[in-house]
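Quick notes on the structure that follows.
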2 protein chains.
Amino acid sequence: MSWLGCELPLIQAPMAGSQTSRLAIAVCQAGAIGSLPAAMLSPDRLRAELQALRAATDKPFNLNFFCHRPPPPNAEREAQWLSRLGPYYAEHGIAAASIPHGPGRAPFSAELAELIAEFKPPVLSFHFGLPDPLLLARVKQWGAMVLSTATTVEEARWLEEHGADAVIAQGLEAGGHRGHFLSPDLSRQQGLFALLPQVVAAVKVPVIAAGGIADAAGVRAALALGASAAQVGSAYLLCDECETSAIHRAALQSPAAGHTTLTHLFTGRPARGIVNRLMRELGPMSEPVPEFPLATSAIAPLRAAAEARGKGDFSPLWAGQNLSGCRPVPAGELTRSLAP
Amino acid sequence: MSWLGCELPLIQAPMAGSQTSRLAIAVCQAGAIGSLPAAMLSPDRLRAELQALRAATDKPFNLNFFCHRPPPPNAEREAQWLSRLGPYYAEHGIAAASIPHGPGRAPFSAELAELIAEFKPPVLSFHFGLPDPLLLARVKQWGAMVLSTATTVEEARWLEEHGADAVIAQGLEAGGHRGHFLSPDLSRQQGLFALLPQVVAAVKVPVIAAGGIADAAGVRAALALGASAAQVGSAYLLCDECETSAIHRAALQSPAAGHTTLTHLFTGRPARGIVNRLMRELGPMSEPVPEFPLATSAIAPLRAAAEARGKGDFSPLWAGQNLSGCRPVPAGELTRSLAP
């Protein structure tokens with residue numbers, strides 16, 4: 001029994017857009033912490049997913065939220081961005097009037113806290129810092145263990161001081177969104193070999209290692225560096241219970257998977273994904289992208305049109321730097337293979 | 001006895017400009033492979049250093065060379081660069097006529113192979129690929145084990161195919177010059193947690209892990225990920241036998257040490273160092289820097305003038321992302337503390 005309350009010192013990383021409770025349940029049943037990413041779910045869908053989780057297993061699971069501060073809309077920047085994407089809309093026959101607006105991702109809120117309270121998620125993890133103190137106190141009322149992501153030693157110290165019960169040290173290798181929240185300077189982001197031992201030395205709470213961990217040897221290496229557990233994401237993307245799209249699955253198994261990079265084109269915040277046409281042609285960190293998460297909606301119709309033609313040119317193909325552990329097997333089998 | 005022919009599975013990373021045979025000797029005597037960086041030594045100085053090494057120890061040591069192809073001089077680019085640095089020259093009262101020209105670092109050559117042949121270095125390591133096949137055959141005649149740095153899986157395969165006896169997998173965490181030689185695209189560079197296991201899986205030769213390893217736990221983690229040995233650099237920078245300048249030592253022990261980044265301002269190639277005034281004001285990857293190593297000479301007088309005033313504003317403060325292992329102790333003590 002690990003300190004997480006499950007058999008293995010292992011958390012399946014929440015991957016919004018690529019998974020539902022189906023993956024989380026399979027992971028929980030295999031002895032690790034399965035995670036349900038809530039950032040892109042409507043309240044009704046979130047309730048249904050939590051009901052499914054609670055019905056399928058009484059083992060501990062993790063519910064994950066983003067807790068960004070929604071930026072004020074910036075009409076000028078959005079217009080510049082739409083103009084930059086203009087040739088792509090034209091190529092795909094997309095009318096300007098049909099391009100949706102809106103945030104794309106909702107942060108954790110009092111309403112969401114009310115909604116989830118009846119399910120008492122045993123573990124809650126956050127990306128981009130922590131909710132405000134009142135909200136944090138609310139979720140701790142039912143005894144939830146609160147985790148959040150640190151990408152620097154400073155962020156780890158901040159999280160501990162502000163009430164995190166454990167810190168996820170996210171190495172630069174990790175797929176998906178970088179969790180940084182104190183400085184937007186990407187040159188401060190570190191590889192896990194450097195970040196992990198320094199975070200372990202800086203805080204008293206347990207540290208969970210994330211980024212580039214793809215097999216049992218990776219978990220053992222993380223434990224050797226002082227981690228109390230490992231968080232594994234990309235390795236699950238081909239699992240039977242994952243909702244990874246066919247295009248994303250094909251990219252993960254293609255030579256293109258060898259080259260991932262950070263891009264803010266898809267959401268407004270840097271996230272690691274497989275380099276594709278949009279990233280190549282605009283540059284992965286090109287301006288003027290609207291602030292997170294306002295960039296999301298402008299890409300949506302391009303993504304849909306390209307995917308309908310079988311192309312991932314405008315899809316966020318989130319993936320970490322080490323995809324050697326990706327296998328099309330049941331998630332339970334993958335989970336057990338990660339035992340240190 | 002490790003496969004390297006010494007007691008520990010450990011190589012002290014060559015650090016040109018910060019160390020001589022003094023450090024290498026202390027490391028060899030403590031049971032690891034000490035390294036002598038030759039890139040910035042004149043032939044006479046190199047001979048003297050090798051004589052000192054051979055006189056002090058009969059244990060195996062590593063001699064390190066750069067093997068870049070010297071670029072053709074580009075007068076226009078050099079003039080642009082000098083013009084960009086103009087305000088700094090003015091601030092320090094440096095006359096244009098006094099700014100030296102020249103490469104700053106010499107690549108491995110037939111002449112150098114002749115010079116070192118009488119000393120038969122048991123290990124030879126290269127940065128930026130490998131010397132041409134004839135030259136490589138020459139150094140293998142005396143039985144030297146040949147190492148070179150890979151920063152991607154492709155580079156590891158290339159090195160194995162072209163005769164490297166072992167590959168150093170250099171994670172993005174590492175201090176000093178990146179060893180990449182197949183693609184200049186820095187987004188292809190990986191953290192060690194991702195790079196190491198993928199390199200181990202891709203080649204049959206032994207793999208040495210480098211980047212972010214600062215203590216025995218780091219060495220154990222590298223071995224857990226399949227490395228046959230670890231290479232440690234930054235941790236030695238404060239050792240008694242290191243020639244690290246007073247300004248560099250002070251920076252390593254200051255809060256500034258927490259922020260390193262890749263910069264090509266000092267030599268023309270990306271290398272990791274502590275962020276200082278030049279990097280902040282010009283941007284660490286600012287254009288128009290002359291090609292490696294031609295950028296070196298333009299900075300030299302600024303560095304000298306600033307250092308004379310006790311400032312490291314123009315000094316390359318090479319350092320990796322994990323400086324937690326830096327200790328002002330004898331190098332033998334540090335070496336023994338790294339035993340896995």
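If R₀ is 41 angstrom, what is the calculated FRET efficiency for the pair B:A95 and A:L282, using the beta carbon separation as r and rounding to 0.05? All intermediate terms of the calculation are to be shown ahead of the outcome.
Working: r = 45 Å, r/R0 = 1.10.
Efficiency for this residue pair is about 0.35.
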key: Dipole magnitude of chain A about its Cα centre (Cβ charges: Lys, Arg +1; Asp, Glu -1), debye to nearest 20   = 320
key: Note, ³J(HN,Hα) from phi for region A:265-279, Karplus 6.51, -1.76, 1.60, rounded to Hz, x at Gly and Pro   = 5, 8, 9, x, 10, x, 9, 8, x, 5, 5, 10, 4, 4, 5
query = Can you tell which of B:G143, B:G325, B:G212 shows the greatest fluctuation in a Gaussian network model of chain B with Cα springs below 10 Å?
reply = B:G143
ask   = Picking from B:H248, A:I168, A:P290, whose Cα lies most toward the positive end of the charge dipole for the protein assembly as shown (charges on Cβ: Lys, Arg +1; Asp, Glu -1)?
value = A:I168
request  = Can you give me the three principal axis dimensions of region B:48-192 from its C-alpha atoms, in Å, biggest first?
outcome  = 51, 39, 28
ask   = Under a GNM of chain A (C-alpha, springs under 10 Å), which listed residue has the highest mean-square fluctuation: A:I208, A:I25, A:I299?
value = A:I299
inquiry  = Quick query: amide H of B:M145 versus all other amide H atoms, modeled in the peptide plane; which residues come in under 5 Å with a sequence gap of 5 or more or a different chain?
reply    = B:V123, B:L124
task = Send over the per residue convex hull volume for region A:252-340, Cα only, as a whole number of Å³.
result = 123
query = Hey, rough spin-label estimate for A:E114 and A:R138, points 7 angstrom out along Cα→Cβ, what's it come to in nanometres?
reply = 0.8
key: Stokes-Einstein D for region B:1-58, Kirkwood Rh over Cα pairs, 10 °C, 1.306 mPa s (µm²/s)   = 137
request  = Could you please point out the chain B residue with its Cβ nearest to the axis of the rotation taking chain B onto chain A, and the distance in whole angstrom?
outcome  = B:G191, 2
query = In straight Cα distance, which aspartates and glutamates are under 13 Å from B:K120, not counting same-chain residues fewer than 8 positions off?
reply = B:D58
note = Taking chymotrypsin sites (Phe, Trp or Tyr not before Pro) in a DSSP loop with at most 16 other Cβ atoms within 10 angstrom as exposed, one finds the longest site-free stretch of chain A at A:143-340
query = Using unit Cβ charges (K, R positive; D, E negative) and no other charged atoms, how large, in debye to the nearest 20, is the dipole of region B:196-340 about its Cα centre?
reply = 180
inquiry  = Give me the three principal axis extents of chain B from the C-alpha atoms, as integers in angstrom, largest value leading.
reply    = 56, 44, 41
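Taking the alpha carbon gyration tensor of region B:26-118, what are the square roots of 5 times its eigenvalues, largest first, to the nearest whole Å? If you can, show how the numbers build up before the last one.
Numbers: eigenvalues 267, 54, 27 Å².
Equivalent-ellipsoid dimensions as semi-axes: 37, 16, 12 Å.
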request  = Using the 7 Å Cα-to-Cβ label point, sort the distances from B:G86 to its equivalents in the other copies shortest first and give them in nm to one decimal.
outcome  = 3.7
inquiry  = Springs between alpha-carbon pairs under 10 angstrom, Gaussian network model over chain A: which of A:A202, A:A174, A:A24 fluctuates most?
reply    = A:A202
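Take every Cα-Cα pair in region B:203-302 and report what % of them are more than 19 Å apart.
When all Cα pairs of region B:203-302 are counted, 57 percent exceed 19 Å.
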query = Which residues in region B:54-74 place their backbone N less than 17 Å from a point set 7 Å from the Cα of B:M40 along the Cα-to-Cβ direction?
reply = B:64-68
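Which three numbers, in whole Å and largest first, are the semi-axes of the equivalent ellipsoid of region B:185-224 derived from its Cα gyration tensor as √(5λ)?
Working: eigenvalues 65, 43, 11 Å².
Over the Cα atoms of region B:185-224, the semi-axes work out to 18, 15, 7 Å.
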query = What pairs in A:K59/A:K204; A:K59/A:K140; B:K59/B:K204; B:K140/B:K204 have C-alpha atoms more than 21 Å from each other?
reply = A:K59/A:K204; B:K59/B:K204
ask   = For region B:154-261, what's the relative contact order in percent, using C-alpha pairs closer than 8 Å and at least 6 residues apart?
value = 24
ask   = Using a label position 7 Å from Cα in the Cα→Cβ direction, what is the ascending list of nm distances from A:A48 to the same site in the other copies?
value = 7.9
Nonlocal amide H pairs with A:A150, under 5 Å, H built at 1.01 Å = A:I168, A:A169, A:Q170
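Magnitude of the Cβ-charge dipole of region B:9-75, K/R +1 and D/E -1, about the Cα centre, nearest 20 debye?
Approximately 40 debye in magnitude.
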ask   = Where the eigenvalues come from the Cα gyration tensor of the protein assembly as shown, what are the semi-axes √(5λ) of the equivalent ellipsoid, largest first, in whole Å?
value = 45, 29, 23
ask   = Rounded to two decimals, what ratio of Rg to Rh does region B:127-246 give with C-alpha atoms and a Kirkwood Rh?
value = 0.98
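Any read-out appearing in this document is the output of simple, stated calculations on the displayed coordinates, not a laboratory observation. Since the model is a prediction, treat every value here as computed from it, not as a measurement. Cβ coordinates were reconstructed from backbone atoms using ideal geometry, including for glycine residues, and neighbour counts include every protein chain displayed.
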